[in-house]
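Encoded as structure tokens, the structure appears first; notes follow it.
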Amino acid sequence: AIFGNLRLWDYLKNLGKLKKGIKIRHPEVNYYQAREVFIESEENCGIEADGEYVGLAPAKLSVLPEAIRFLMS
């Protein structure tokens, strides 16, 4: 999910949905699928992945297939 020019109130109002993985319907929130993304910003921009803070832009993020193994029972 990429957040555009979102007001603080709108972000806080949807934070619970974001943490639960529920899709947010808002004109300033866009969803994309990719194996790799490069994030740049002219200003300081914090980056979160799966609700965890990972650092500041610029950053290159990659999805690694089969990097995590799960045990299902």
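The values are calculated or read from the model by the stated rules, or taken from the named source; none is laboratory data. This is a predicted model, so every value here is computed, not measured. FYI the Cβ positions are ideal-geometry reconstructions off the backbone, even for glycines, and counts take in every protein chain you see.
Observations, loosely collected:
- Which numbered condition E40 misses (of (1) touching a Pro at 6+ places or on another chain (Cβ under 9 Å); (2) modelled with pLDDT under 90; (3) charged (D, E, K, R)): (2)
- Of residues in region 56-69 being among the small types (G, A, S) and more than 12 Å from S41 (Cβ to Cβ), the one surrounded by the fewest Cβ atoms within 10 Å (Cβ to Cβ): A67
- Region 10-25 residues that are over 14 Å from E48 (Cα atoms) and outside the structural domain of Y53 (by TED's automatic domain parsing), paired with ones that are surrounded by 15 or more Cβ atoms within 10 Å (Cβ to Cβ) and of a type outside the set (A, V, I, L, M, F, W, C) (beta carbon under 6 Å, 6 or more apart): I24/N14
- Members of region 43-73 that are touching a residue at least 24 places away in the same chain (Cβ under 8 Å) and β-branched (V, I, T): V63
- Residue selected from region 27-42 under the condition free of Cβ contacts under 8 Å to residues at least 24 places away in the same chain and touching a Lys or Arg at 6+ places or on another chain (Cβ under 9 Å), by the criterion surrounded by the fewest Cβ atoms within 10 Å (Cβ to Cβ): F38
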